[in-house]
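S.K.: My questions will all concern the structure given below.
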Amino acid sequence: MSRSMLAALQSRRNRRGQTMAEYVLIVGTIAIVAIAAYALLGRNLANNVNHTNSAFTAS
């Protein structure tokens, strides 16, 4: 194989690895945002659901 072919294959392999790393970073960021949103809004949401549920069961 010629050097240019090897260089092209290595470049393609590096781009695949770069793309995978980008996907991992995106998924990690989404997970952190979801956990933060749940931590901030989880109790309020649970209280609202419980309040609504008790309003329906009381009537």
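Since every read-out is calculated from the coordinates, none of them should be taken as a lab result. The structure displayed is predicted, hence computed values, not measured ones. Using ideal geometry, Cβ is built from the backbone for each residue, glycine included, and neighbour counts are taken over all protein chains shown.
S.K.: Take Asn48 and Val27, extend 7 Å from each Cα along the Cα→Cβ direction, and tell me the distance between the two endpoints in nm.
M.R.: Those two pseudo-labels are separated by 3.0 nm.
S.K.: Work out from phi, with θ = phi - 60° and the Karplus expression 6.51 cos²θ - 1.76 cosθ + 1.60, the ³J(HN,Hα) of each residue of region 32-45, listed in order in whole Hz, and give x for Gly and Pro.
M.R.: Each residue's phi maps through the Karplus curve to give 5, 5, 5, 5, 5, 5, 5, 5, 7, 9, x, 5, 4, 5 Hz.
S.K.: Just the C-alpha atoms of region 19-59: what Rg/Rh do they give, with Rh taken as the Kirkwood radius? The partial results should precede the final answer.
M.R.: Details: Rg = 17.0 Å, Rh = 12.4 Å.
A ratio of 1.37.
S.K.: Using 7 Å Cα-to-Cβ label points, what is the Ala34/Ala55 separation (nm, one decimal)?
M.R.: Using points 7 Å along Cα→Cβ, the separation is 2.9 nm.
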